[in-house]
Amino acid sequence: MDCLFCKIIKGEIPSSKVYEDEYVYAFNDINPMAPVHVLVVPKAHIKNVDEINGENSANIAKIFEAIPKIAKACSLENGYRVITNCGEDGCQSVMHLHFHILGGKKLPETMA
Ligand code: 5GP
Ligand code: ZN
């Protein structure tokens, strides 16, 4: 499958890895929107939030178990934001589910 993030997970495209376990891979965003901008992805290919279901939702639990560990490793003790974009109106540009961790500064209150 021609999926950018599947290729990153497999190491076919280089990335700056921040965290990895059996289910989850996390790496620095190539175009950071904050001092810390990490993308957290399931190793399983899930397109976006619309494709989460009873069969694959254990991957999402694993992601949210990993996020506090990643935040701690990135020194985000003062807080951070977790975002996922879904579909056209959500401005999703890579069709492999990913959660943005943004932090390292006081983020703007409004998002839209
Ligand atoms: P989306 O807009 O789909 O929510 O987020 C996709 C994110 O992937 C963007 O923030 C973009 O900067 C990042 N991105 C796109 N291509 C690459 C890449 O090749 N490597 C890395 N590390 N990030 C990428
Ligand atoms: Zn994929």
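The values are calculated or read from the model by the stated rules, or taken from the named source; none is laboratory data. Since the model is a prediction, treat every value here as computed from it, not as a measurement. Reconstructed Cβ throughout: ideal geometry from the backbone, glycine too, with neighbour counts over all protein chains shown. With ligands, DNA and RNA removed, areas are computed over all heavy atoms of the protein, side chains included. Shrake-Rupley method; radii C 1.70, N 1.55, O 1.52, S 1.80 Å.
Just one of the listed residues (Val24, Val38, Val49) is β-branched (Val, Ile, Thr), under 13 Å from the mean Cα position of the chain (by Cα), open to solvent by less than 70 Å² (accessible area, probe 1.4 Å) and near ligand 1 (Cβ under 10 Å from one of its atoms), namely Val38.
Selection over the range 86-112 of residues that are in contact with a strand residue (DSSP E or B) (Cβ under 8 Å, 6 or more places away or on another chain) and either surrounded by fewer than 18 Cβ atoms within 10 Å (Cβ to Cβ) or not small (Gly, Ala, Ser) (or both) gives a count of 10.
Among the residues making up the range 1-11, those that are within 11 Å of ligand 1 (Cβ to nearest atom) and either open to solvent by 40 Å² or more (accessible area, probe 1.4 Å) or in contact with a Leu (Cβ under 6 Å, 6 or more places away or on another chain) (or both) are Leu4, Lys7.
So, in the range 12-21, of the ones that are within 13 Å of ligand 1 (Cβ to nearest atom) and within 14 Å of the chain's Cα centre (by Cα), which residue ends up surrounded by the fewest Cβ atoms within 10 Å (Cβ to Cβ)? My answer is Ser16. Pairing each residue of the range 39-55 that is charged (D, E, K, R) with any residue that is part of a strand (DSSP E or B), provided the two are 6+ apart or on different chains, yields C-beta distances under 6 Å for Lys43/Tyr25.
Applying the criterion of at least 1 residues that are within 16 Å of ligand 2 (Cβ to nearest atom) to the strands (runs of 3 or more DSSP E) found wholly in the range 1-109 leaves 17-20, 24-28, 36-42, 99-103. Filtered by the rule that a residue be in contact (Cβ under 8 Å) with a residue 60 or more places away in the chain and either in contact with a Pro (Cβ under 9 Å, 6 or more places away or on another chain) or more than 13 Å from ligand 1 (Cβ to nearest atom) (or both), the range 56-105 gives His96, His98, Leu102, Gly103, Gly104, Lys105. Is there a residue in the range 78-85 that is exposed (fewer than 11 other Cβ atoms within 10 Å of the Cβ) and among the charged types (D, E, K, R)? There is no residue in the range 78-85 that is exposed (fewer than 11 other Cβ atoms within 10 Å of the Cβ) and among the charged types (D, E, K, R).
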